[in-house]
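See structure below.
The values are calculated or read from the model by the stated rules, or taken from the named source; none is laboratory data. Source: prediction; values computed, not measured. For neighbour counting, all protein chains shown are included, and Cβ atoms are generated from backbone atoms with ideal geometry for every residue, glycine included. These area figures cover heavy atoms from the full protein model, side chains too; ligands, DNA and RNA do not enter into them. Shrake-Rupley method; radii C 1.70, N 1.55, O 1.52, S 1.80 Å.
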Amino acid sequence: MKAADIMTREVISVDAETTISEAARLMVQHHISGLPVTDESGAMVGIVTEGDLLRRAELGTARHRRRWIELLLGPGRMANEYVDTHARKVGEVMTRAVASAAPQDELADVVEVMEEHRVKRLPVIDNGRMVGIISRANLVRALLDNLAQKDTASAADIHSDRQIRDRIRAVIDKEPWGPRFSVTAKVKNGIVELHGSITDERERQALRVAAENVPGVKAVRDHLIWVEPVSGMVIDAPRS
């Protein structure tokens, strides 16, 4: 999937002269946590988010430091913080260096940029103009749609116990963490029973998830034992 497939196209934006009060009202009214800032030509020049409005004199959340710390920080840093806590216009507090995506970007690349820059949303820019915005909410909606499609397709197919077992085996063999030789899956009437040994307790949950993702699986029962690789201590499967 591409960014253009899931992005919000009707984006509420403001300009640099918009008041902080109006920006806050728009965020609350439309249940959004950030507003792109555009110039007269529609080009994006920044973004203002809830994070930019956390330290405010009106809330009593402005930083208060000891005098000697203020001297160490210097007047420039202190002046900048004063602007953040007392500014009246969006252009005075907005973030100017904004990470963005292109309409044709793959979702994997979009998520990587979001994680790298620790942001909840990315403007989608095409030829210098903002054509949409993609947020975590857009990604969750896309996930929901895909899960629903997968469940519908699974319900429509008929899967034999042998098919289920073979598919579970294929997943285990494919994954780098998969215990290829020490774990077996027995399947009867769509119910999977996992037997064998693992050397890392985290493999237990991964194996359950792998089995649950195979179409036709109704339930997974865990009979795995954990063999601690250093001491050789054996720990039985937890009772369900």
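Report the extension gain between Arg202 and Thr61 in nm, rounded to one decimal, defined as 0.36 nm multiplied by the number of residues separating them, less their alpha carbon distance. Intermediate values should be presented prior to the final figure.
Working: separation 141, 0.36 × 141 = 50.76 nm, distance 4.20 nm.
Extra length from Arg202 to Thr61 when fully extended: 46.6 nm.
With springs connecting C-alpha atoms under 10 Å apart, model the chain as a Gaussian network and identify which of Ala185, Ala102, Ala24 has the largest mean-square fluctuation.
Comparing Ala185, Ala102, Ala24 in the GNM, the peak value goes to Ala185.
Quick one: pull the percent of accessible area on segment 125-240 belonging to carbon and sulfur, 1.4 Å probe, ligands and nucleic acids left out.
Numbers: 4230 of 7740 Å².
Answer for segment 125-240 is 55 percent, counting heavy atoms of protein chains only.
Treat each spin label as a single point 7 Å out from the Cα along the C-beta direction, and report the Asp15 to Thr184 distance in nm.
7.4
Compute the acute angle (0 to 90°) between the alpha-carbon long axis of helix 20-30 and the principal axis of greatest extent of the alpha-carbon atoms of the chain; round to the nearest 10°.
Helix 20-30 and the main axis of the chain meet at about 30 degrees.
Around Ile225, what is the net charge, scoring Lys/Arg as +1 and Asp/Glu as -1 over all other residues with Cβ under 12 Å from its Cβ? Present the calculation step by step, with values, prior to reporting the outcome.
Values: positive: Arg204; negative: Glu201, Glu203, Asp222, Glu228, Asp236.
So the environment of Ile225 carries a net charge of -4.
Select from segment 133-236 those trypsin sites (Lys or Arg not before Pro) which occupy a DSSP coil region and have at most 14 other Cβ atoms within 10 Å, ordered by residue number.
Values: sites: Arg136, Arg141, Lys150, Arg162, Arg165, Arg167, Arg169, Lys174, Arg180, Lys186, Lys188, Arg202, Arg204, Arg208, Lys218, Arg221; in loops: Arg180, Lys218.
Listed in order of number, the matching sites are Arg180, Lys218.
Could you work out the longest stretch of the chain that avoids the GluC sites (Glu not before Pro) located in DSSP loops with at most 16 other Cβ atoms within 10 Å? Could you put the intermediate results ahead of the total?
On the way: sites that count: Glu10, Glu17, Glu40, Glu201.
Looking at the chain, 41-200 is the longest stretch - no exposed GluC sites (Glu not before Pro) with at most 16 other Cβ atoms within 10 Å.
With a 1.4 Å probe and all protein chains left in place, how much accessible area per residue does the chain have, in Å²? Could the numbers behind the result be given before it?
Details: 15550 Å² over 240 residues.
Per residue, the chain has an accessible area of 65 Å².
Amide H neighbours of Lys89 under 5 Å, counting only residues 5+ apart in sequence or on other chains, H built in-plane at 1.01 Å?
Answer set, sorted by chain and number: Ile20.
Rounded to whole Hz and in sequence order, give me ³J(HN,Hα) for segment 211-221 from the Karplus expression 6.51 cos²θ - 1.76 cosθ + 1.60, θ = phi - 60°, writing x for Gly and Pro.
Running phi through 6.51 cos²θ - 1.76 cosθ + 1.60 with θ = phi - 60° gives 5, 5, 7, 7, x, x, 6, 9, 7, 10, 10 Hz.
Among (1) 55; (2) 70; (3) 62, find the value of percent of Cα pairs over 21 Å apart that was calculated from the structure presented, and write down its label.
Read-out from the structure maps to (2).
HN-Hα J couplings of segment 123-131 from phi, Karplus 6.51/-1.76/1.60, θ = phi - 60°, integer Hz, Gly and Pro as x?
Couplings: x, 9, 10, 10, 6, x, 10, 7, 10 Hz.
Express in nm, to one decimal, how much length is gained between Arg169 and Gln149 on full extension, taking 0.36 nm for each residue of separation and deducting their alpha carbon distance.
Details: separation 20, 0.36 × 20 = 7.20 nm, distance 2.39 nm.
Contour length minus the Cα-Cα distance gives 4.8 nm.
Under the √(5λ) rule applied to the eigenvalues of the Cα gyration tensor, what semi-axes describe the equivalent ellipsoid of segment 71-128? Give them in Å, descending. Intermediate values should be presented prior to the final figure.
Working: eigenvalues 207, 40, 15 Å².
Working through the eigenvalues yields semi-axes of 32, 14, 9 Å.
Can you work out the Karplus-derived ³J(HN,Hα) for every residue in segment 105-119? Use 6.51 cos²θ - 1.76 cosθ + 1.60 with θ = phi - 60°, whole Hz, and x for glycine or proline.
5, 5, 4, 4, 6, 4, 5, 4, 5, 4, 5, 4, 9, 6, 10
Could you state the number of Å between the C-alpha centres of segment 169-231 and segment 101-122?
33
Compute the FRET efficiency between Arg77 and Glu106 as 1/(1 + (r/R0)^6), taking r as their Cβ-Cβ distance and R0 = 45 Å, and round to the nearest 0.05.
Numbers: r = 39 Å, r/R0 = 0.88.
So the FRET efficiency works out to roughly 0.70.
For the chain, modelled as a GNM with alpha-carbon contacts under 10 angstrom, which of Asp39, Asp173, Asp52 fluctuates the most?
With Cα springs under 10 Å in the chain, the top fluctuation among Asp39, Asp173, Asp52 is at Asp173.
Hey, can you grab everything whose amide H is under 5 Å from the amide H of Arg56? Only 5+ residues off in sequence or another chain; H modelled, so Pro and N-termini drop out.
Placed amide hydrogens put Thr61, Ala62 under 5 Å from Arg56.
Students often forget the sequence filter, so: which lysines lie under 22 Å Cα-Cα from Lys2 once same-chain residues fewer than 8 apart are removed?
Cα-Cα hits under 22 Å: Lys120, Lys150.
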